[in-house]
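Structure incoming, see below.
Throughout, read-outs are computed from the coordinates displayed, never taken from laboratory work. The model shown is predicted, which means the values in this text are computed figures rather than measured ones. Cβ coordinates were reconstructed from backbone atoms using ideal geometry, including for glycine residues, and neighbour counts include every protein chain displayed.
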Amino acid sequence: MFPDLPDRPFYVFDIDGTLTRYVDADPAAFLHGNFLFPIVRDLMVERGMDPDEAAAAILRETVENVYWDYCDFVSAFGLPAAEAWRRFRAWHARHVAPYEDAVALARELKRAGRRLFVVSNNPVTGCLLKLQAAGLADDTGSDVFSRILGTNELRGCKGAPGVWRRALDRLGVDPALVCTVGDNPVEDAELPRRCGAGASFLFSRDRTDRGIDRPAAPPAAAMTAPPAAAMTSRLRRQ
Ligand SMILES: [Mg+2]
């Protein structure tokens, strides 16, 4: 399928800009730079909270719970989980589309007996929602990806110090046998290779096609930022 793809027993996939892209997602409608926070706020307002107070409470939760996942807001504010998930899924069905080439590659590798993992700058719930929009997962897991590592488990984004090391260590395999698959030459190739990953494969995506997704290479400051700062910047980027 891709003649340049290194043949390895293990593949670690990126999500944003690799498996999925945003469609008609308007950053002006986001809250604190995040696309699902308006849904959380609306659920809070429907339960009687002032909209500004709800927005402030969400921001406070991101500060107090730096490595948050979306479900943490549901729990923190006593929101109905099933309804929150329904709205999260509906947003993704409308605004997240698959890159069919990468989705087909993942399926082909899985069929060929390779083990596939995800390392993403989304929290795990965000990963599941995006993979679900691409037909690669349901609410609880994936038949294609054996392990889904998100920011809440890795304690940071891929550009933050130590995150790739923690990711590769969690997989419990020889990193030399791992090929990373992504769209960002730094986060999906240079950094994991520095931690011992044996190979990498990059899809070339057009910036305009990626929509609100992050730039191809993070600014130098993001590479050295402490985890908390990196996570705060993630609020703006995703
Ligand atoms: Mg990406």
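Amide H of PHE201: which non-local residues (sequence gap of 5 or more, or other chain) have their own amide H closer than 5 Å, using H built in the peptide plane?
The answer is THR180, VAL181, GLY182.
Please list, in order along segment 128-141, the HN-Hα scalar couplings obtained from phi with the Karplus expression 6.51 cos²θ - 1.76 cosθ + 1.60 (θ = phi - 60°), rounded to whole Hz, x for Gly and Pro.
Per residue, the Karplus-derived 3J(HN,Hα) values read 4, 5, 6, 5, 5, 5, 9, x, 10, 6, 10, 5, 10, x Hz.
Take the alpha carbon gyration tensor of segment 71-185, find the square roots of its eigenvalues, order them as a ≥ b ≥ c, and report rounded if a/c is under 1.5; if not, report prolate when a/b exceeds b/c, else oblate. Present the calculation step by step, with values, prior to reporting the outcome.
Details: a/c = 2.05, a/b = 1.32, b/c = 1.55.
Oblate shape, in that a/c is at least 1.5 and b/c is the bigger or equal ratio.
Okay, next question. Cut-off 13 Å, label point 7 angstrom out along Cα-to-Cβ of SER75: give me the residues of segment 122-165 whose amide nitrogen falls inside.
Answer for this model: 124-125, 152-153.
Can you give the log10 of the normalised intensity I(q)/I(0) at q = 0.11 Å⁻¹, computed with Debye over equal Cα scatterers of the chain?
-0.54
Across segment 27-94, what fraction of all alpha-carbon pairs, as a whole percent, falls in each successive 5 Å bin from zero upward?
P(r) over segment 27-94, rounded to whole percents: 4, 17, 30, 29, 17, 3, 0.
Run the simple label-point estimate for ASP4 and ALA90 please: 7 Å along Cα→C-beta, distance reported in nm.
Those two pseudo-labels are separated by 4.2 nm.
Then there's this: Hey, what do the phi angles of segment 86-92 turn into as Karplus ³J(HN,Hα) couplings, whole Hz, using 6.51/-1.76/1.60 and θ = phi - 60°, x for Gly and Pro?
4, 6, 4, 5, 5, 4, 5
About the Cα centre of the chain, what is the dipole size in debye to 20, counting +1 per Lys and Arg Cβ and -1 per Asp and Glu Cβ, all else neutral?
On the way: 30 positive and 32 negative charges, 110 e Å.
Roughly 520 debye for the chain.
While we're here: For the chain, what's the relative contact order in percent, using C-alpha pairs closer than 8 Å and at least 6 residues apart? It would help to have the intermediate numbers written out before the result.
Values: 397 pairs, mean separation 66.5, N = 238.
With pairs under 8 Å counted, the relative contact order is 28 percent.
Right, another one. Which Rg and Dmax, in Å, describe the Cα atoms of segment 133-187?
12.4, 32
Here's another thing I want to ask about it. Just from its helices, what would the mean residue ellipticity at 222 nm be for the chain, if runs of 4 or more DSSP H residues each count -39500 (n - 2.57) and the sum is divided by every residue, rounded to the nearest 500 deg cm²/dmol? Present the calculation step by step, with values, prior to reporting the outcome.
Values: 12 runs with 105 residues, N = 238.
After summing the helix terms and dividing by residue count, I get -12500 deg cm²/dmol.
Further, regarding this structure: Could you compute the net charge surrounding ARG114? Neighbours are other residues with a C-beta less than 13 Å from the C-beta of ARG114; K and R count +1, D and E count -1.
Details: positive: ARG8, ARG107, LYS110, ARG111, ARG115; negative: ASP7, GLU108.
Charge balance near ARG114 sits at +3.
Hey, another quick one. Pop the C-beta distance of ASP26 and GLU190 into the FRET formula with R0 = 35 Å and round what comes out to the nearest 0.05.
Values: r = 32 Å, r/R0 = 0.92.
Efficiency, from the Cβ-Cβ distance: 0.65.
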